[in-house]
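Undergrad: Would you mind keeping the following structure in view while I ask a few things?
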Amino acid sequence: MKPELRRFGHGEHPVVVIDDFSGRTEDIAALADALAPFPVIEGNYYPGIRRIITTSDSDANLYVERTCEDAAQFIAGAFDVHGFTFIEASFSMVTTPPSDLSPQQRAPHFDSADPKYYALLHFLRVPPGSGTAFYRQRSTGIERVTDDNIARFVRTAKAEATLLAKDSGYIRGSDEFFEQIGAVEAVPDRMIIYQGSLLHSGIIPEGMAFSSDPKRGRLTANLFVRGH
């Protein structure tokens, strides 16, 4: 493993980047192949499909357990927590073409306002030029959503979403409403760990295949934990 701690934005928010995280990317991707086709998750802003990994998915669940064990030292070191509780894991694929995005999907988002809610994103099969970017809402200066600013962020984001061009597609770099404050390129077997309260968005390159086949599309593993 090759770990690196990066910091983004005025808040110098920590983002852990670990290359060669597992040493067995294709073996893990094959677990996703075995669970395909993935279902569409209703009531979720994720622009694609996800297969939630459960304890009955024996080999995939072992991967999740091993990932949590291997990531624990980095979560503790970067975020100053003593441990964490596992919340959820899934294999995920971005399958929604830019023209079909909802206004909310065309802007950066957050996963939780809880500062100890952490996302672990493992890039498995990813196209060149993709990744994850982090943002600041220009009009409010918000980089990380909290209980104190969530109402202001949501109110502002809803108002600004109505002003986005309907064909604006996935956000790339900065736009008139959000400034990109950092980005991590997607590399196979790269793991990134960050607070789910940070404003972020996938970097989706032009010409990417929005396939639902794990062998052809943008495949990642997404885990969520809560520190304590």
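Undergrad: First check a/c for segment 108-228, with a ≥ b ≥ c the square roots of the eigenvalues of its C-alpha gyration tensor; if it is under 1.5, answer rounded, and if not, answer prolate when a/b is larger than b/c or oblate otherwise. Intermediate results must be reported in sequence, preceding the final value.
TA: Numbers: a/c = 2.20, a/b = 1.25, b/c = 1.76.
Verdict is oblate for segment 108-228.
Undergrad: While we're here: Report the FRET efficiency, 1/(1 + (r/R0)^6), for D33 and E12, where r is their Cβ-Cβ distance and R0 is 41 Å, rounded to 0.05. Display every interim value, and only then the final one.
TA: Working: r = 39 Å, r/R0 = 0.96.
The computed FRET efficiency comes out at 0.55.
Undergrad: Something else: Relative to the present Cα-Cα distance, how much length would full extension add between D59 and I150 at 0.36 nm per residue of separation? Write down the numbers at each step before the final one.
TA: Values: separation 91, 0.36 × 91 = 32.76 nm, distance 3.82 nm.
Between D59 and I150, full extension yields 28.9 nm more.
Undergrad: Let me have the 222 nm mean residue ellipticity of the chain computed from DSSP H runs of 4+ only, each contributing -39500 (n - 2.57), with the sum over all residues rounded to the nearest 500. Intermediate values should be presented prior to the final figure.
TA: Working: 3 runs with 45 residues, N = 228.
Calculated from helices alone, the mean residue ellipticity at 222 nm is -6500 deg cm²/dmol.
Undergrad: Hey, any idea what % of the chain's accessible area is carbon plus sulfur with a 1.4 Å probe? Provide the component values of the computation, followed by the final result.
TA: Values: 5270 of 10670 Å².
Looking at the chain in its full context, I get 49 percent from C and S.
Undergrad: Hey, for a label at A165 modelled as a point 7 Å past Cα toward Cβ, could you say which residues of segment 178-193 have their backbone N under 18 Å away?
TA: Residues 178-179 fall inside that zone.
Undergrad: Let me ask something else. Computed over the Cα atoms, what is the radius of gyration of the chain divided by 2.2 N^0.38 Å, N being its residue count? It would help to have the intermediate numbers written out before the result.
TA: Values: Rg = 16.8 Å, N = 228, 2.2 N^0.38 = 17.3 Å.
For the chain, the normalised Cα radius of gyration is 0.97.
Undergrad: For the chain, give the magnitude of the charge dipole about the Cα centre (Cβ charges: +1 Lys/Arg, -1 Asp/Glu; no others), in debye to the nearest 20. Don't skip to the end; give the middle numbers.
TA: Details: 23 positive and 30 negative charges, 92 e Å.
Here the chain has a charge dipole of around 440 debye.
Undergrad: Given a 1.4 angstrom probe, what's the average accessible area per residue across the chain, in square angstrom?
TA: Numbers: 10670 Å² over 228 residues.
Dividing the accessible area of the chain by its residue count gives 47 Å².
Undergrad: When the solvent-accessible surface of protein heavy atoms is calculated with a 1.4 angstrom probe, in what order do L101, L5 fall, highest first? Spell out each step's value before the answer.
TA: Values: L101 15, L5 90 Å².
Per-residue accessible area, sorted high to low, gives L5, L101.
Undergrad: To the nearest 20 debye, what is the magnitude of the charge dipole of segment 158-203 about its Cα centre, counting +1 on the Cβ of each Lys and Arg and -1 on the Cβ of each Asp and Glu?
TA: 140
Undergrad: Once fully extended, how much extra length lies between D20 and S139, figured as 0.36 nm per residue of separation less the alpha-carbon to alpha-carbon distance?
TA: Values: separation 119, 0.36 × 119 = 42.84 nm, distance 3.82 nm.
Value of the extension gain: 39.0 nm.
Undergrad: Another question, then. Apply 1/(1 + (r/R0)^6) to the Cβ-Cβ distance of Y45 and S211, taking R0 = 25 Å, and write down the FRET efficiency to the nearest 0.05. The partial results should precede the final answer.
TA: Numbers: r = 20 Å, r/R0 = 0.82.
Efficiency, from the Cβ-Cβ distance: 0.75.
Undergrad: Using the Cα gyration tensor of segment 40-126, with a ≥ b ≥ c the square roots of its eigenvalues, what is the shape: rounded (a/c below 1.5), prolate (a/b larger than b/c) or oblate (neither)? The partial results should precede the final answer.
TA: Details: a/c = 2.27, a/b = 1.43, b/c = 1.59.
Oblate, because a/c is 1.5 or more while a/b does not exceed b/c.
Undergrad: Here's another thing I want to ask about it. How high is the relative contact order of the chain, in percent, with contacts defined as C-alpha pairs under 8 Å that are six or more residues apart?
TA: Numbers: 462 pairs, mean separation 77.5, N = 228.
Rounded, it is 34 percent for the chain.
The values are calculated or read from the model by the stated rules, or taken from the named source; none is laboratory data. What you are looking at is a predicted structure, and each value in this text was computed from that prediction instead of being measured. Please note: Cβ atoms are built from the backbone with ideal geometry, for glycine as well, and neighbour counts cover all protein chains shown. The protein model used for the area step is the full one, side chains on, heavy atoms only, and it has no ligands, DNA or RNA in it. Shrake-Rupley method; radii C 1.70, N 1.55, O 1.52, S 1.80 Å.
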